[in-house]
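Enquirer: First the structure, then my questions, so here it is.
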Protein chains: 4
Amino acid sequence: MLRFDSDYMEGAHPAILARLDENNLCKMTGYGEDEICTAAKEKILAACDAPDGEVHFLVGGTQANATVITALLRPYQAVVCADSAHIHTHEAGAVEAGGHKVIGLPGKDGLLDADTLDAYLARFYDDPTYMHTPIPGMVFVSHPSETGTLYTREKLEAIKAVCVRYGLLLYLDGARMAYGLASEASDLTLPDIARLCDAFYIGGTKCGALFGEAVVFPKKDACPHFFTTMKQRGALLAKGWLLGVQFDALFTDGLYGRLGENALRKARRLRDIFLARGYTLYAESPTNQQFFVLTNAQHRALSEKLGYVQFGRIDDERIIARFVTSWATTDEQLDELERVL
Amino acid sequence: MLRFDSDYMEGAHPAILARLDENNLCKMTGYGEDEICTAAKEKILAACDAPDGEVHFLVGGTQANATVITALLRPYQAVVCADSAHIHTHEAGAVEAGGHKVIGLPGKDGLLDADTLDAYLARFYDDPTYMHTPIPGMVFVSHPSETGTLYTREKLEAIKAVCVRYGLLLYLDGARMAYGLASEASDLTLPDIARLCDAFYIGGTKCGALFGEAVVFPKKDACPHFFTTMKQRGALLAKGWLLGVQFDALFTDGLYGRLGENALRKARRLRDIFLARGYTLYAESPTNQQFFVLTNAQHRALSEKLGYVQFGRIDDERIIARFVTSWATTDEQLDELERVL
Amino acid sequence: MLRFDSDYMEGAHPAILARLDENNLCKMTGYGEDEICTAAKEKILAACDAPDGEVHFLVGGTQANATVITALLRPYQAVVCADSAHIHTHEAGAVEAGGHKVIGLPGKDGLLDADTLDAYLARFYDDPTYMHTPIPGMVFVSHPSETGTLYTREKLEAIKAVCVRYGLLLYLDGARMAYGLASEASDLTLPDIARLCDAFYIGGTKCGALFGEAVVFPKKDACPHFFTTMKQRGALLAKGWLLGVQFDALFTDGLYGRLGENALRKARRLRDIFLARGYTLYAESPTNQQFFVLTNAQHRALSEKLGYVQFGRIDDERIIARFVTSWATTDEQLDELERVL
Amino acid sequence: MLRFDSDYMEGAHPAILARLDENNLCKMTGYGEDEICTAAKEKILAACDAPDGEVHFLVGGTQANATVITALLRPYQAVVCADSAHIHTHEAGAVEAGGHKVIGLPGKDGLLDADTLDAYLARFYDDPTYMHTPIPGMVFVSHPSETGTLYTREKLEAIKAVCVRYGLLLYLDGARMAYGLASEASDLTLPDIARLCDAFYIGGTKCGALFGEAVVFPKKDACPHFFTTMKQRGALLAKGWLLGVQFDALFTDGLYGRLGENALRKARRLRDIFLARGYTLYAESPTNQQFFVLTNAQHRALSEKLGYVQFGRIDDERIIARFVTSWATTDEQLDELERVL
C-alpha cells in the first residue's frame, strides 16, 4: 500500500547506511567517547554557531525531552507549553514521571504565543497563593510544531523575552527540525535557535537517520553531568558511535538541509495533487505534514488504498486526514498517488 | 591497536546489516507493531518455550532494567541483588531514579547465592521494625554475571524457591545471554530461564546486534500496559522494526547460538595464550570475559599495545585486567595477540 | 481583625485539647500502633459501615492525597479530576512529583460530572494512539468541592458507574467532610462514600482537629503495605497517638457532626448578613464557604476591617471574595461582622 | 509497664501545651506565615549565630530528610552516609523514592569518619567509569547518631574539609540534637553546626515538642523555593503556627537545653543502676540511649516488666537491649526501675 502515515517509516538515507557498513567492524570506544562522535559534535556546533556548546546524542524524542527536562528543572518547577505539545499529549506522562507538572496553555495553530505566555505568567505571579503551585521553570516549544507550523525568528525572540523576564529556560523540540529549516515560511536558523534556547534537539529519526536525536546545550556548562543523567534515564547508547556516524553524515556537505528540502518539495506536490482533485485543506502547513478534510465516504474509500493518519474529527461527517512526506519520498510515489486518487 | 576492552565495540553481524539494508526503504508501521517484530517475537517465545509470553524490544540494558523494574515493583518495594550487580554499581542510580532502593547482598564470584538470600530475608522479616524499610519485592540476577560467571539450573531453581517462599519476583539480566547459553559450564537453557523468571531480557547489543535487548515476560499478562510504560521511560523506539529485524535475524537458523559459541572458543584460546606465556588467571571465568593478574610493569608495557580494561586493583603492585572476546573476534586477532605478547 | 479567611485558622476543639492534655505523659507505642488509634479506627469504620476496611491517620491533606494516589496507581496511570481540583491547582505538583499526570476536565460548579467523565473516557479509548498517553487509572473528587459545592448520592453513583465501566478507582478528598455531611443540600452519607469509593479521607485539620486526616480504604486489602508507603512519603507520624486521640474525640458522641453543623449554621447567618446589606452572592454554596461579589471600592473598604480571601476576579471592577466559617465560629463574631458591615 | 523504649513516647513539655492552649482560638495565618513562626525562626537563627539563614518547620524526621535531600540534590547525585544512617536503614527508601541513591560507607560507632569518606571519594574519582554511577553530592550525618554517639567539632570539621575538597554538601540530621548539645562528650555547638553544614535540622519530636523539626539553611538563598518543595512533598503544615509555638517555647529561656540535660542526667543514673546490678554495657554512649548486653534468660525476665527495644543480637545466647531516657524521664521512674531490677 502507498503510505504517507509518517516520516519515520523508512530506515536511513543510503549515505548513512554506507557509513554504518564501513565502520561496522572497527573497534570503537563506547558511550559516544569515540572520534566520530567528536567530529559530528563539532560539525553540529559549527552549524549552530555555538562553539562553546555541548552536544549529546540520544536515541529518541521522548527520551530526549524527558532527559533534558529532568536535567534542567528543579523539583519545584513545571514546564509550560502549548496544549498541543507532544510532551503534554503523546509522551505517556514522561515529564510527570520525572516529577514535573506540564502546564498546557491554549496554542495558536500549534504554536505557543508570547502574549499568551506573558499573560499566563503575569496572572501566575499575581496570585498570592502561587507558592502553593509548581513554579514555571521552562518553556517548551516544538519547531516545527506537532501540526507542522513554524515559529518565525520574531516569534521565538518574543517568547525568549518573556522567559528572560520571568526567569524561565527555553527548550525547543526539533524532532522535525530539517523540515522547519528547509521551509521558506520561517526565517529561523540554527544559529538563531542556539542563540535563543537554553537547550534544543536536532531530530534525526524523522529526518534521514535510522534513529537518533542530537541534544544541544548552546551555552557552556549549562547542564553539568548530563552524561550521568543520560545513563540514569536509559538514554546512553553503549555504541554511541552509531549515533555519531549518522549525525556526522547528516552534517556533512549539507545533507541534513537537502533531506529537508526534498520532503518539502514533495509535500507541496502532494498538496497540489489533492487540491487539484477538489479536496479541502484543513489548515495551511508550511512543512512536510499536510492536513485535508475528508468526508466519511472519502475516508472509507481512500483508507483502502492509502496509508495516512486520522488526525482528528471535525464533525460526524468529516475527519481530518494527515499525509506526511519525508526525506525519502519520491516522485514515483507521488505519481502513484495521482493514479490512486 | 588490538582491542579486547569490551564486547560492544563492533557493530552488528553482517547478516543483520544485510537485513537492515534490505528493509531500509520499506515503509514500516511504527513502535514495534510491524510484521517483522511479530515474527521475531514468535521466534523468541518459541526458543523460550513460552507460548503465552510477551516480548518487547528495547534499545539498551540500563533502559531495559530500569523500565522492567519500575513496571513490576510497587512504590514500597526494593530490589535485591549481589553487590556486584550492574544495577547497583554501574547504572547511574537508574533504579533509584525510578523510586526503588537497591539492596546489595554479598555475592559469591559475582553470583547471588540462594542461602545468602534466604538468610537475608529471614533476618529481614525477623526484625520487628521491617515495615519501616522498603519491602524486598524482586530479586535481580545477571546471567552471565558482571564477571562472566554463570548460574546453573540448580542454583537458579534454589533462588526461585526462596523468591516463592517470600513473595518476590525473579528478574534476570541477560545482557550477555548468548555467552551464557553457549558455555558448557552451565546447564541453564532459555526455557529454564523462562520457567523460573517473571521477567528477563535477552541481550542483543553485546551479542551480535547493532543494539537492542528483548525483554521477555514468560507468563501471560504479567505486566499490563508495558507499552505505555516503555513510552513513558523513553524506551519505545519509533522505528521498532529496527529491533525486530535484528532479533529476527539472531533467532533464525540458530545465529544467536553460533555467535555465542564463537566468542567462547576465542576466549578459551585467548586464555591459553596468556597462560602459555606465564600470566596468572585472576579467576576462572567460563564465558567471554577473561581476567588476568598483571604487575604494574606488565600493565604499563601491555597497555601501550593492547586495549583492555583495568577491572580492579589487587594491591600496590598488581592489577586485574579484563580481556573480552565477542561474536566478532577472529583468529587473526588472536594470532596478532600472540605476536604482541 | 475579624477574620473569615479560612477554616484552618484556629487550633482544636477544647474536647480534643483536653484529651491531648490528659494523655500527654502516658508512654505510648509509636507510629499509630497504640490502643487509642485502634479505638479511633474502629469508631471511624463503624461510622462508615465498613467493618472490613482499613484506616490510617496522616497529618495533612496534600500529604494524604499524594500518598494515597502514589500507593494506588501504577506508573503508567494518570488521575482524572475537575480542573478546579486541589491536586491540580494548589498542591504544588505533588501528584506529578509522585510520577503521575493529573488530567483536569471542565468542572461544573467545582464538581466533576459523570457525563463529562464518560465522554472523556469514550474519546480517550477511541483514539488509536491512546497507548502513547498515560492511562486514566483513578478519578479524584473533592466533597465538599474547593468551592463548597456537594455531590449528591446520585451524582457520585453516576461517577462510580463510569469508573467501573472503564476500570478506574474512585478517590474522594474529604478535607471539609464535616461540612458536607452536615449540609442538607446533599444526601450523601459516610456509608455511601465508603460503598462507592476505593479510598477517601475524612478531614480533621479543617473540621475541629489541631491537624490530621483519616484515610479510609473501605475494602479489605485494598492497599497492601500502606504503612511502609506512608513512612516513605514522610507521612507517618512518630507519635501517631496524637492523631488517634483527636479522631477518637471527633468520632465520640457525634462531635464531628456537631462541629459541621455549627459551621453551616454560622455560614447561613453570615450569608444573610451580607445579603441583607445588599451584597451579591457570587454563587450559591451549601457549605461553610460563602462567595460574594465585591466592587473594588467595597473590597478596599472591607479588607481593612475584615480578613477574607480574594478568590478571583470577575472583571476590572469586581472581585470574588470568599468568607469561611468553621466549627469554631461564634455568634459573637457574626454580631461583630454585622457591626463592621 | 515501666517503659524506656524510646524518646518519642510522651507528648510535649507542659510549657508547650500551655502555649498551644493559650493560642488555640486565636485566628492565625496559615502555612507558617504567622508572627509566632517568625519569632521562633529568629530565636533559632540567633541560637545558631546564623543571622542570614532560613528556618522551616516540618512535622517529622523522615519528612525533613527526604524533603531537604530532594531539594538540594540534582537528579544525578547520591547521598553518602554511614551504613547505620537512618536514611539508609529505617526511612522506607524515602530518599530513593525521591530519586537518589544512598551510599552507605562502613561507620565507626555509628559515625562517619572523614578518612573513610576521603578514601571512598578518592577511589570513586579514580575509577575511570565513575560517570556511569551516581555522583556523590551530599554527606549525611546524624548527631547524635542512631546509636547515641557524637561528632566532635574536630571530626565534623574534618568531614567538612573532605566535602569542600570534593564538592559535596554537608547535611546533619539532628533528630536528637538536644541530647547531643547537652552532652559533655562533644564540644560541637549549634553555631559550629551552622558554620559547617549546608543544612541541618533541630529535632523537636524527640526533644520535648509534641512533634516538629526545624530545618535550618544557615546560608542565605541556599535552597530557593523550599516552601513550594515542602508543599509538594506533603511537608507543609496548614497550621504552621502549631510548630512555631512549640519551637518558640523550646528556644525561650533555654528550655531546649534544659530538656536535653534532664535526659542525660537520667541516662547516667539508668546506666549506673544497670552496672551496679552486674549488667554489661554493650558500648559506651554519651547521650540518652544506653545499650546493654542481655542473656536470653535476662531478656525473657526483663521484657515482662520493662519496655525497651531489642536493638540487635550478638549471638544465639545474647541480645543488645536499648534503654532510652528523655526530657520527660523522672527520678520516680528510675526509682521504680531499681525496684524492678
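The values are calculated or read from the model by the stated rules, or taken from the named source; none is laboratory data. Treat the numbers as computed from the prediction; the structure is a model and nothing was measured. Cβ: placed from backbone, ideal geometry, glycine included. Neighbour counts: every protein chain shown. Accessible surface areas use protein heavy atoms only, side chains included; no ligands, DNA or RNA. Shrake-Rupley method; radii C 1.70, N 1.55, O 1.52, S 1.80 Å.
Enquirer: Once the convex hull of the C-alpha atoms of segment A:129-246 is built, how many Å³ does it hold per residue, rounded to a whole number?
Expert: Spread over its residues, the Cα hull of segment A:129-246 gives 142 Å³ apiece.
Enquirer: With labels modelled as points extended 7 Å from the Cα through the Cβ direction, what inter-label distance (nm, one decimal) is found for B:Arg265 paired with B:Asp316?
Expert: Result: 4.7 nm between the two label points.
Enquirer: Determine, at each q value in 0.10, 0.13, 0.16, 0.18 (inverse angstroms), the log₁₀ of I(q)/I(0) that the Debye formula gives when each Cα of segment D:42-163 is one equal point scatterer.
Expert: Summing over Cα pairs of segment D:42-163 leads to -0.34, -0.57, -0.87, -1.08.
Enquirer: How big is the gap, in Å, between the Cα center of segment B:120-148 and the Cα center of segment A:62-104?
Expert: 33 Å
Enquirer: Here's another thing I want to ask about it. Highest GNM mean-square fluctuation, chain B, Cα pairs closer than 10 Å: which of B:Thr62, B:Thr287, B:Thr29?
Expert: B:Thr29
Enquirer: Can you tell which of D:Gly93, D:Ala185, D:Val162 lies farthest toward the positive end of the dipole of segment D:68-207, using +1 and -1 charges on the Cβ of basic and acidic side chains (Lys, Arg; Asp, Glu)?
Expert: D:Gly93
Enquirer: Take each of the peptides D:243-254, C:7-18, average the number of other beta-carbon atoms within 10 Å over its residues, and list them starting from the highest.
Expert: Packing proxy ranking, top to bottom: D:243-254, C:7-18.
Enquirer: Still on this structure, please answer the following. With contacts defined as alpha carbon pairs under 8 Å and 6 or more residues apart, what's the relative contact order of segment B:11-95 in percent? Can you show the working numbers first?
Expert: On the way: 26 pairs, mean separation 15.7, N = 85.
Once normalised by length, the contact order is 19 percent.
Enquirer: Additional query: Applying 1/(1 + (r/R0)^6) with R0 = 56 Å to the Cβ-Cβ distance of C:Glu332 and D:Asp109, what FRET efficiency is obtained, to the nearest 0.05?
Expert: Efficiency computed from Cβ-Cβ geometry: 0.40.
Enquirer: Can you pull the one-decimal nm distance between simple spin-label points at D:Ala161 and B:Asp49, each 7 Å off the Cα toward Cβ?
Expert: Taking the two extended label points, one gets 6.4 nm.
Enquirer: Continuing with the same structure: When Cβ neighbours within 10 Å are restricted to other protein chains, what is their mean count per residue of peptide C:57-67?
Expert: Counting Cβ atoms of other protein chains within 10 Å of each residue's Cβ and averaging gives 4.
Enquirer: Translational diffusion coefficient, Stokes-Einstein: compute it for chain C using the Kirkwood radius over C-alpha pairs as Rh, at 20 °C and 1.002 mPa s, and state it as an integer in µm² s⁻¹.
Expert: Translational diffusion coefficient: 103 µm²/s.
Enquirer: Separate question: So, in nm, how far is label A:Asp118 from label B:Asp127 when the simple model puts each one 7 Å beyond its Cα toward the Cβ?
Expert: If labels sit at A:Asp118 and B:Asp127, their model points lie 5.8 nm apart.
Enquirer: Efficiency by 1/(1 + (r/R0)^6): what FRET value for C:Ala301 and A:Asp83, r their Cβ-Cβ distance, R0 = 45 Å, to the nearest 0.05?
Expert: Efficiency, rounded to the nearest 0.05: 0.65.
Enquirer: Tell me, what % of the accessible area of the protein assembly as shown is carbon and sulfur with a 1.4 angstrom probe?
Expert: 49 percent
Enquirer: Using the Karplus equation 6.51 cos²θ - 1.76 cosθ + 1.60 (θ = phi - 60°), what ³J(HN,Hα) coupling, rounded to whole Hz, does each residue of segment A:107-112 give in order, writing x for Gly and Pro?
Expert: x, 10, 6, x, 10, 8
Enquirer: Per residue of chain D, what 222 nm ellipticity follows from adding -39500 (n - 2.57) for every DSSP H run with n ≥ 4, rounded to the nearest 500? Let's see the in-between values first.
Expert: Details: 14 runs with 140 residues, N = 341.
Rounded to the nearest 500, it is -12000 deg cm²/dmol.
Enquirer: So, one more: Relative contact order for chain D: what percent, with Cα pairs under 8 Å and sequence separation of 6 or more? Could you put the intermediate results ahead of the total?
Expert: Details: 662 pairs, mean separation 86.1, N = 341.
Taking the mean separation of contacting Cα pairs over the length of chain D, I get 25 percent.
Enquirer: Please compute the average number of Cβ atoms from other chains found within 10 Å of each residue's Cβ in peptide A:126-132.
Expert: Details: counts 1, 4, 2, 4, 2, 9, 12.
Mean partner shielding for this stretch: 5.
Enquirer: A further question on this structure: To the nearest 10 Å², what's D:Met131's accessible area with a 1.4 Å probe?
Expert: 50 Å²
Enquirer: Continuing with the same structure: Any idea what log10 I(q)/I(0) is at q = 0.16, 0.20, 0.21 Å⁻¹ for segment C:234-315, Debye with uniform C-alpha scatterers and no solvent?
Expert: Treating every Cα as an identical point scatterer, log10 I(q)/I(0) equals -0.77, -0.92, -0.97.
Enquirer: Now, a different point. Rounded to the nearest 100 Å², what's the accessible area chains B and A bury against each other, both chains counted, probe 1.4 Å?
Expert: Working: alone 15170 and 15150 Å², together 26470 Å².
Answer for the B-A pair: about 3900 Å² buried.
Enquirer: Taking amide H positions as placed in the peptide plane 1.01 Å from N, state which residues far from C:Phe311 in sequence (5 or more) or on other chains have amide H under 5 Å from it.
Expert: The list, which skips near neighbours in sequence, is C:Ile320, C:Ala321, C:Arg322.
Enquirer: Another question, then. Quick one: which residues, 5+ away or cross-chain, put their amide H under 5 Å from the amide H of C:Leu105? H built at 1.01 Å from N.
Expert: C:Cys81, C:Ala82, C:Asp83
Enquirer: Which value, in Å², gives the accessible area per residue of the protein assembly as shown when a 1.4 Å probe is used on the protein heavy atoms? Kindly include the intermediate steps, with their values, before the conclusion.
Expert: Values: 47050 Å² over 1364 residues.
Value for the protein assembly as shown: 34 Å² per residue.
Enquirer: Classify segment A:1-79: rounded, prolate or oblate, from the alpha-carbon gyration tensor (a ≥ b ≥ c, eigenvalue square roots; a/c under 1.5 rounded; otherwise prolate if a/b is larger than b/c)?
Expert: oblate
Enquirer: Starting from the residue with the highest accessible area, list C:Lys41, D:Lys219, A:Lys239 in decreasing order, probe 1.4 Å.
Expert: If we order C:Lys41, D:Lys219, A:Lys239 from most to least accessible, we get D:Lys219, C:Lys41, A:Lys239.
Enquirer: D:Thr189 to D:Ala283: FRET efficiency via 1/(1 + (r/R0)^6), r the Cβ-Cβ distance, R0 22 Å, to the nearest 0.05?
Expert: Efficiency computed from Cβ-Cβ geometry: 0.35.
Enquirer: Average the reciprocal distances over every distinct pair of alpha-carbons in the protein assembly as shown, invert the result, and give the Kirkwood radius in Å. If you can, show how the numbers build up before the last one.
Expert: Working: mean 1/r = 0.0299 Å⁻¹.
Every distinct Cα pair counted, the radius reaches 33.5 Å.
Enquirer: Per residue in segment D:1-50, which ones lose no less than 40 Å² of accessible surface when going from chain alone to all protein chains (1.4 Å probe)?
Expert: D:Arg3, D:Tyr8, D:Met9, D:Glu10, D:Leu17, D:Asp21, D:Asn24, D:Leu25, D:Lys27, D:Tyr31
Enquirer: Per-residue Cβ counts within 10 Å, from other chains only, averaged over B:100-111: what number is that?
Expert: Neighbouring Cβ atoms belonging to other protein chains average 2 per residue here.
Enquirer: While we're looking at this one, here's another question. What are the ³J(HN,Hα) values, in whole Hz, obtained from phi via the Karplus relation 6.51 cos²θ - 1.76 cosθ + 1.60 with θ = phi - 60°, for each residue of segment D:54-63 in sequence order, with x given for Gly and Pro?
Expert: Taking θ as phi minus 60°, the curve returns 9, 10, 9, 9, 10, 7, x, x, 4, 4 Hz for segment D:54-63.
Enquirer: Which value, in Å² and to the nearest 10, is the accessible area of B:Tyr125 when all protein chains are kept and the probe is 1.4 Å?
Expert: Ignoring ligands and nucleic acids, B:Tyr125 comes out at about 80 Å².
Enquirer: Per residue of segment B:86-94, in order, report the coupling 6.51 cos²θ - 1.76 cosθ + 1.60 (Karplus, θ = phi - 60°) as ³J(HN,Hα) in whole Hz, putting x for Gly and Pro.
Expert: 3J(HN,Hα) across segment B:86-94, in whole Hz: 4, 5, 8, 10, 9, 10, 6, x, 5.
Enquirer: Once amide H atoms are placed 1.01 Å from N in the peptide plane, what residues at a sequence separation of 5 or more from A:Val139, or on another chain, have their amide H within under 5 Å of its amide H?
Expert: Here A:Val80, A:Leu169, A:Leu170, A:Tyr171 satisfy the definition.
Enquirer: When the Kirkwood radius is taken over all Cα pairs of segment A:127-178, what Stokes-Einstein diffusion coefficient follows at 20 °C and 1.002 mPa s, in µm²/s?
Expert: Translational D for this selection: 173 µm²/s.
Enquirer: Let me ask something else. Whole angstrom only: what separates the Cα centroid of segment A:243-300 from the Cα centroid of segment A:1-41?
Expert: That distance is 23 Å.
Enquirer: Just read off the accessible area of B:His100 with the full protein assembly in place, 1.4 Å probe, to the nearest 10 Å².
Expert: 10 Å²
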